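For reference, the structure discussed in these notes is given below.
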Amino acid sequence: MSLYWLIKHLHMTMAVLSLALFVLRAWWSVSASSQLQKRWVRVLPHLIDTALLAFGVWLMLLLRFWPHQHPWLAAKLIGLLVYIGLGTVALKRGRTPWQRASAAGLAVLVFVYVVGTAVRHHPLSWWG
């Protein structure tokens, strides 16, 4: 089971890095910063998010956890889709700084919900 702990901690590390970069990019998006145009800002988040997803899938396969058997995992995946949707509004699709900031705030709340489902293994997240 040592492989499990390694993959789990890599998954959690990627989640923290992903959120930190999202918050930074959202701030730059709201403030219309030219930092968003830098190559590393456009590439690094995709690498981190790909690793995050890959480690998550690896854990799912390693543990043989399937979303149709574990409601908390299904809720986590649905939360991920909502987070991605809000993230696109926060970083690209929001027309005004207010729309981008609101979407970013909601995305962070959804991220906290997703973390709660993972920690508590319950679809109600921190409230379950």
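We did not get these values from a lab; they are worked out from the coordinates using the rules stated. All figures in this text were calculated on a predicted structure; none of them were measured in a lab. Virtual Cβ from ideal backbone geometry, glycine too; neighbours counted across all protein chains shown.
Going through (1) over 30 Å from GLY128 (Cα atoms); (2) exposed (fewer than 15 other Cβ atoms within 10 Å of the Cβ); (3) touching a residue at least 24 places away in the same chain (Cβ under 8 Å) one by one, TYR4 falls short only on (1). Evaluating ARG95 against the criteria (1) surrounded by fewer than 15 Cβ atoms within 10 Å (Cβ to Cβ); (2) in a helix (DSSP H, G or I); (3) over 13 Å from the mean Cα position of the chain (by Cα) leaves one unmet condition, (2). Checked against (1) under 20 Å from ASP49 (Cα atoms); (2) exposed (fewer than 13 other Cβ atoms within 10 Å of the Cβ); (3) of a type in the set (A, V, I, L, M, F, W, C); (4) in contact with a Phe, Trp or Tyr (Cβ under 9 Å, 6 or more places away or on another chain), LEU61 meets all criteria but (4). Of all residues in the stretch 78-92 being free of Cβ contacts under 8 Å to residues at least 24 places away in the same chain and surrounded by 15 or more Cβ atoms within 10 Å (Cβ to Cβ), which is nearest to HIS121 (Cα to Cα)? Across the stretch 78-92, the extreme among qualifying residues is ILE78.
Could you tell me which residue of the stretch 53-72 is nearest to ALA107 (Cα to Cα), considering only residues that are free of Cβ contacts under 8 Å to residues at least 40 places away in the same chain and outside any loop (DSSP other than H, G, I, E, B)? Reasoning before the result, please.
Restricting attention to the stretch 53-72, the residues satisfying the condition of being free of Cβ contacts under 8 Å to residues at least 40 places away in the same chain are 53-54, 57, 60-61, 64-69.
Adding the requirement that they be outside any loop (DSSP other than H, G, I, E, B) leaves 53-54, 57, 60-61.
Numbers: LEU53: 17, ALA54: 21, VAL57: 22, MET60: 24, LEU61: 27 Å.
The extreme case among them is LEU53.
For the stretch 110-128, filtered to residues that are in a helix (DSSP H, G or I), in contact (Cβ under 8 Å) with a residue 24 or more places away in the chain and not β-branched (Val, Ile, Thr), the residue that is surrounded by the fewest Cβ atoms within 10 Å (Cβ to Cβ) is ARG120.
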